[in-house]
Amino acid sequence: MLRIGLIRERKSNPDDRVPFTPKQCAYVNDKYPSIKIVVEPSPNRSYADYEYVNAGIEMSEDLSNCDILMGIKEVPAAFLIPNKTYFFFSHTKKKQEYNRPLMHALIERGVRMIDYECLTYSDEQRIIGFGLFAGIVGAHNGLRTYGIKYGVYELPPAHKIKNYTALIKAYEHLKIPNIKIIVTGSGKVWAGVLDMLTVLDIEAVEPADFLTHEYEYPVFTHLTGADLYVRKDNDLFYRDDFHANPEAYKCLFSSYVNQADLLMNGIYWDEQIPRLFNKEDVKRHDWRLKVIADITCDVEGSVPINLGVATISDPVYGVDRETLQRMAPYEHSNNVIDVMAVENLPNELPRDASEYFGVHLEKYILPELLKEKSEILDRATICENGKLTKRFEYLSDYAYPENPVP
């Protein structure tokens, strides 16, 4: 019997999401006779303990007899059970400095760390994630920010709306003015953004037309690949080459900053990929972009004026175009850009997001756990038995502690 424990979220400002809903846990226990899901009680989940109990799921404060432990956000080092297999978003693959102590603890305690973000097919396409709801909530927050900043319409915060259906209902009588929106990124985040823009009847236009036309109705353009990047030496774009050598490319986004009112950024970013623009660019006299929803939320990443992570309850801050300092948002001023920068956007609709995540986790990952050998799980295993796996040896200078974690 493979015992899977759903752990309590213990990171500061606990996340409300869960890997499996009560109904999904009951389904897994019934469909897979060799799997048993046990749930650690928690006061913070979007699904209450009694909902798991009513679904017939075992609750236990002690998960030490579980083979696999699943959560959502990072597990504080002190709560890691040695020599167990963990699934959660570790935020270590980019050498995030704030999680270096966690990485050290994973190594020291012999944890097999399987990161949801790293669960991919052989072509690097991700298998599961919360990207769809990040896109949905990120687009909503971006549009809400614009409405507040210019006083043209009102939208409630997503986290104060019961569910996705109610969120769509909030748009029933909303008419968006004739603004121009840029969307970047692809995959599930893009799908979520597109869902919101479609519901609101915001029309898609080609990048070339976006650059040369004004419209009597709201429009968006979607920038990917060759729309955004070309090689420095020949002004061409080759997808495989870009992924292998992003430093050889330059970004074309600066052509759009005098044509757009709102940016919804969904680009996956690492330090070798060119930023959309430089901080100093916001001082340009023709800079038009006044609201940025940084959905992927990399601090000083693809959006260099992301000056820090905001919170669900206070999701937006202003950035002064001259001083580049953080300030109060919603100023109706050409000198202030409002930035929406929340790193856990799906947690604004936690029950819907959890249900979506759990469906894919059961469908695509649980069968891999029952295999004697799984390439999908191996590719996502950052470390095990006190060592980095070969795929993640590039983390060596980040992962191995100089001093033991107490």
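The values are calculated or read from the model by the stated rules, or taken from the named source; none is laboratory data. Everything quoted here is computed from the prediction, not taken from an experiment. Cβ sites come from the backbone with ideal geometry, for glycine too, and all protein chains shown count toward neighbours. All accessible areas refer to the heavy atoms of the entire protein, side chains included, with ligands and DNA or RNA removed. Shrake-Rupley method; radii C 1.70, N 1.55, O 1.52, S 1.80 Å.
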Quiz prompt | Nitroxide proxy distance, nm - points 7 Å out along Cα→Cβ at residue 320 and residue 150 | solution = 2.5 nm
Quiz item: Taking Cα centroids, how far is region 47-68 from region 140-167 in Å?
Solution: 35 Å
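Rounding to the nearest 20 debye, state how big the charge dipole of the chain is about its Cα centre with +1 on each Lys and Arg Cβ and -1 on each Asp and Glu Cβ.
600 debye
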Quiz prompt | Carbon plus sulfur fraction of accessible area for the chain, probe 1.4 Å, in percent | solution = 48 percent
Exercise. For region 206-275, state which trypsin sites (Lys or Arg not before Pro) are in a DSSP loop and have at most 13 other beta carbons lying within 10 Å of their beta carbon.
Key: 232
Practice problem: Kindly rank 302-315, 156-169 from highest to lowest mean number of other beta carbons found within 10 Å of each residue. | Solution: 302-315, 156-169
Self-check item: Globularity index of region 344-404, i.e. its alpha-carbon radius of gyration over 2.2 N^0.38 Å
Solution: 1.54
Practice problem: Name the residues whose placed amide hydrogens come within less than 5 Å of the amide hydrogen of residue 237, ignoring near sequence neighbours (fewer than 5 apart) on the same chain. | Solution: 231
Quiz item: Using the Karplus equation 6.51 cos²θ - 1.76 cosθ + 1.60 (θ = phi - 60°), what ³J(HN,Hα) coupling, rounded to whole Hz, does each residue of region 327-338 give in order, writing x for Gly and Pro?
Solution: 8, 5, x, 6, 6, 7, 9, 5, 8, 10, 9, 8
Quiz prompt | Antiparallel bridge percentage (DSSP; both residues within the chain; nearest 5) | solution = 30 percent
Exercise. For region 330-376, state the semi-axes of the equivalent ellipsoid (square roots of 5 times the eigenvalues of the alpha-carbon gyration tensor), sorted largest first and rounded to whole angstrom.
Key: 41, 14, 6
Self-check item: Highest average packing first - 36-45, 214-223, Cβ atoms within 10 Å
Solution: 36-45, 214-223
Self-check item: Between helix 131-150 and the chain: long-axis angle, C-alpha atoms, 0 to 90°, nearest 10
Solution: 40 degrees
Quiz item: Among 336-347, 114-125, 18-29, how do they line up from the highest to the lowest mean number of other beta-carbon atoms within 10 Å?
Solution: 336-347, 18-29, 114-125
Quiz item: Considering amide H positions built from the backbone, and no H for Pro or chain starts, which residues 5 or more places from residue 39, or on another chain, come under 5 Å of its amide H?
Solution: 6, 58, 59, 60
Quiz item: P(r) for region 133-279: what percent of alpha-carbon pairs falls in each 5 Å bin, starting at zero?
Solution: 2, 9, 18, 20, 19, 14, 9, 6, 3, 1, 0
Quiz item: To the nearest 20 debye, what charge dipole does region 252-395 have about its Cα centre, counting +1 at the Cβ of each Lys and Arg and -1 at the Cβ of each Asp and Glu?
Solution: 260 debye
Quiz prompt | For the chain, accessible area per residue (1.4 Å probe, heavy atoms of protein chains only), Å² | solution = 45 Å²
Quiz item: Using Cα atoms only, what is the angle between the long axis of helix 22-31 and the major principal axis of the chain, expressed in degrees (0 to 90) to the nearest 10?
Solution: 50 degrees
Self-check item: At q = 0.10 Å⁻¹, base-10 log of I(q)/I(0) for region 201-313 (Debye sum, equal scatterers on each alpha carbon)
Solution: -0.32
Quiz item: Whole number please: convex hull volume per residue of the Cα set in region 1-145, in Å³?
Solution: 153 Å³
Quiz item: Using the alpha-carbon atoms, what tilt in degrees (0 to 90, nearest 10) does helix 187-199 show relative to the longest principal axis of the chain?
Solution: 50 degrees
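Given the pairs 84/373; 11/371; 73/390; 175/283, which are separated by over 21 angstrom at their Cα positions?
Over 21 Å apart, Cα to Cα: 11/371; 73/390; 175/283.
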Quiz item: From Cα coordinates alone, what are the radius of gyration and Dmax values for region 120-160 in angstrom?
Solution: 15.2, 48
Practice problem: Using the Karplus curve 6.51 cos²θ - 1.76 cosθ + 1.60 with θ = phi - 60°, work out ³J(HN,Hα) for each residue of region 117-125 in order, rounded to whole Hz, and write x for Gly and Pro. | Solution: 5, 9, 6, 9, 7, 5, 8, 6, 5
Quiz prompt | Under Karplus coefficients 6.51, -1.76 and 1.60, residue-wise ³J(HN,Hα) of region 389-395 in Hz, glycine/proline x | solution = 6, 4, 4, 10, 5, 5, 8
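Nearest 5 is fine: what % of DSSP beta bridges in region 297-375 come out antiparallel, could you say?
90 percent
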Quiz item: Per the Cauchy relation, a quarter of the hull surface: what is the mean projected area of the convex hull of the alpha carbons in region 304-400, in nm²?
Solution: 10.4 nm²
